[in-house]
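To start, the structure itself, in structure tokens.
Taken together, the values in this text are just the output of simple stated rules run on the coordinates, not laboratory data. Just so it is clear, the model here is predicted, and its values are computed rather than measured. Quick reminder, even Gly has a Cβ in these numbers, built from the backbone with ideal geometry, and neighbours come from all protein chains shown.
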Amino acid sequence: MTILERPDCMTYPCREECCSYGADVWPDERERMIRAGVATAAEFTGPLEPDECGDVLYRTALGPRGCVFLDARRGCRLHVPGYKPEVCHLAPRDPDEVEEMVEDEILPCRGAWVFQA
């Protein structure tokens, strides 16, 4: 198993490019955020077409800076109240996914990631 040591996203000079495309959200995550009043249905798109595993997801909508949940100054406004989508905590999951995100130009902090076997 490979362990990824991530950079501190609040201090790394990435300009939050990782969040510029929105994030996939499980239906139960979306509903929990809406019920808690930290999000509205309009802040999501979808449901999306089923993915390769047959899962149906939503995606965070986009605003001028990318994901609508990006705080006006820095960081995700869902992080502090504890509603940050699971995918935002997990991706990238392995070195191959890091390289894929770099190729798609959505992970500018590639050099800051440390891989341990």
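Descending by average beta-carbon neighbour count within 10 Å, the peptides 28-39, 44-55, 60-71, 95-106 line up as 60-71, 28-39, 95-106, 44-55, the highest first. Remark: Tyr83, Tyr21 ranked as Tyr21, Tyr83, counting other beta-carbon atoms within 10 Å and listing the fewest first. Residues Leu57, Leu78, ranked from the fewest to the most other C-beta atoms within 10 Å, line up as Leu57, Leu78.
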